[in-house]
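We did not get these values from a lab; they are worked out from the coordinates using the rules stated. Note that the structure is a prediction, hence the values are computed from the model and not measured. Here the Cβ is made from the backbone with ideal geometry for all residues, glycine too, and neighbour counts use every protein chain on show.
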Amino acid sequence: MTPQTLTKKRGEFRTLTACRLCGGKDLKTFINFGDFPLAGAFLKPEQIPDEKFFPMGMQFCVSCTCVQVDTVIPLDVLFKNYFYFSSAIQTLRDHFGHFAEEMIARFVKPKESLVVEIGCNDGVFLRHLAAKGVRNVGVDPATNVVATIKDPGVIAINDGFSEKVARKIVAEHGKADAVVSSFSFAHIDDMHEVMRGVDAVLGEKGVFVFELYYLGVVIEEMQYDMMYHEHMSYYTLACLEKFLGQYGLEVFEVKKIALRSGTLRFYAQRKAAHPHPISPSVQAQRDEEKAKGLLDAKTYEGYGERVHKTKVELMKLLDQLKAQGKSIIGYGASGRATIIMNYCGIDKRYLDFVVDDAPAKHGFLTPGTHCEIKPWTYVEAMAKKPDYALVFAWPFIEEVKKRRADYLKNGGQFIVPLPAVKVFGA
Ligand SMILES: [Zn+2]
């Protein structure tokens with residue numbers, strides 16, 4: 001099908017001309033997505049005329065190997081609808097419980113130690129420390145999320161983490177034995193402000209432990225659908241070592257976390273104090289990054305080409321199916337769906353609608369592509385089921401196949417868009 005021409009209204013944004021972490025100017029754009037809506041900007045039909053689009057390109061920094069989105073959108077626009085409560089998800093609750101146990105076993109003591117968390121969300125991590133009597137302070141800019149913290153043992157500051165906030169914590173509670181952060185570093189534009197804060201609050205022998213979704217997995221597993229404006233930066237150990245080094249910190253351990261493929265936990269400390277020996281895991285991670293070409297601009301160039309190829313393959317299949325008169329729906333209206341649909345040009349001409357389990361999304365349209373979001377019960381009530389369902393939640397295809405076994409049994413088929421296009425029947 002020929003591309004649909006849309007008049008896209010651009011929202012406010014700033015273009016990055018240097019690396020956020022090292023200031024390097026040798027930036028190689030390896031995917032240019034064009035003008036995209038925000039990944040989570042689901043909308044009502046009457047909001048279509050006001051829908052905003054923002055340019056989005058992916059840059060690899062040759063000097064430090066970080067990857068960043070080349071545009072920064074004002075934070076009040078970017079996180080206007082931030083309703084992500086970590087405590088609502090069982091696997092996350094378990095994850096933070098285990099993380100807290102490890103911190104207590106290795107680095108902090110009840111009553112004595114102070115732990116500061118950058119991006120404390122609804123207190124899902126800190127409440128475990130509070131239960132064990134560990135003093136703690138959480139900092140988070142999301143007002144509606146912080147407001148839900150009721151645990152008297154958790155002190156929450158509703159603000160972005162900064163040097164100023166860090167100094168306030170030191171004045172009121174003293175220096176921290178541990179600074180912790182989970183999955184927040186992708187969402188922060190001014191990482192230097194964060195590091196000035198860490199430097200101000202962290203005690204001489206303190207540890208700085210943070211978790212993030214690792215760039216290596218995004219590249220290796222073809223997860224280009226994890227790239228969106230809200231995910232501003234993507235990290236390797238190599239770029240983190242350079243970045244933390246600017247603040248006199250060294251990484252002394254790297255751990256792969258079972259939560260989901262792609263989660264890495266980094267442990268850092270002040271190089272001058274060096275309270276913990278460097279674990280062999282650090283060198284192993286360095287070697288792995290080198291072996292996988294993650295430090296090499298050519299790898300990213302090749303990645304951009306492979307991503308483009310998946311689009312060509314997927315659209316070839318969808319065009320064929322539509323030419324045969326088949327009906328297709330989308331499965332899972334996540335941020336991943338927004339990226340794949342906008343990148344490939346999958347809209348109402350291809351998909352009758354998109355199903356999603358979250359009631360809050362029903363009746364809304366997918367950003368930029370305007371397919372209606374419906375519950376699965378709608379499919380169950382249909383006399384003639386859709387011939388195909390394009391699964392945007394493709395990393396969970398095995399779960400989806402089990403859950404919707406009836407649909408497959410009745411002749412329905414699933415299309416998986418990544419890491420390579422594949423069709424599954426019963
Ligand atoms: Zn850089």
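For Lys109, a cut-off of 13 angstrom between C-alpha atoms picks up these aspartates and glutamates, skipping any fewer than 8 places away in its own chain: Glu101, Asp177.
Taking the DSSP bridge list for the stretch 86-281 and keeping only pairs wholly inside it, about 45 percent are antiparallel. When the convex hull of its Cα atoms is viewed from all sides, the stretch 173-288 shows a mean projected area of 7.5 nm². Counting beta carbons within 10 Å around each of Phe424, Phe183 and listing the fewest first gives the order Phe424, Phe183. Residues Phe353, Phe36, Phe85 in ascending order of nearby Cβ atoms (within 10 Å, fewest first): Phe85, Phe353, Phe36. Hey, with R₀ at 25 Å, roughly what FRET efficiency would Ala18 and Lys298 work out to, going by the Cβ-Cβ distance, to 0.05? Computed FRET efficiency for Ala18 and Lys298: 0.70. In the elastic network of the chain, a GNM with C-alpha springs shorter than 10 Å, the most mobile of Thr65, Thr366, Thr91 is Thr91.
Residue-normalised convex hull volume from the C-alpha trace of the chain: 147 Å³ per residue. Label reach from Gln324 (point 7 Å along Cα→C-beta): in the stretch 396-426, amide nitrogens under 20 Å belong to 407-418, 420-426. When the Cα positions of Pro152, Thr15, Val217 are compared along the charge dipole of the chain, Val217 comes out farthest toward the positive end, with charges on each C-beta of Lys, Arg, Asp and Glu.
Phi-derived couplings, Karplus 6.51 cos²θ - 1.76 cosθ + 1.60 at θ = phi - 60°, listed residue by residue for the stretch 18-26: 9, 5, 4, 8, 10, x, x, 9, 8 Hz, with x used for Gly and Pro. Across Pro375, Pro141, Pro359, mean-square fluctuation computed from a Gaussian network of the chain (C-alpha pairs under 10 Å connected) peaks at Pro359. When Cys22, Cys120 are sorted by how many other C-beta atoms sit within 10 angstrom of their C-beta, beginning with the fewest, the order is Cys22, Cys120.
By DSSP, the beta bridges lying fully in the stretch 298-424 are antiparallel in about 25 percent of cases.
Seen from a random direction on average, the alpha-carbon convex hull of the stretch 9-70 projects onto 4.6 square nanometres.
Classification of the stretch 86-281 by its C-alpha gyration tensor yields a rounded form. The axis ratio a/c (a ≥ b ≥ c) stays under 1.5.
For the stretch 298-424, the gyration tensor built on C-alpha atoms gives a prolate shape. Its axis ratio a/c (a ≥ b ≥ c) is at least 1.5, and a/b is the larger of a/b and b/c. From the square roots a ≥ b ≥ c of the eigenvalues of the alpha-carbon gyration tensor of the stretch 123-208, which class results: rounded (a/c under 1.5), prolate (a/b over b/c), or oblate? Oblate is the answer for the stretch 123-208, as a/c is 1.5 or above yet b/c matches or exceeds a/b.
Here the contact order of the chain, divided by its residue count and restricted to Cα pairs under 8 Å and six or more residues apart, works out to 14 percent.
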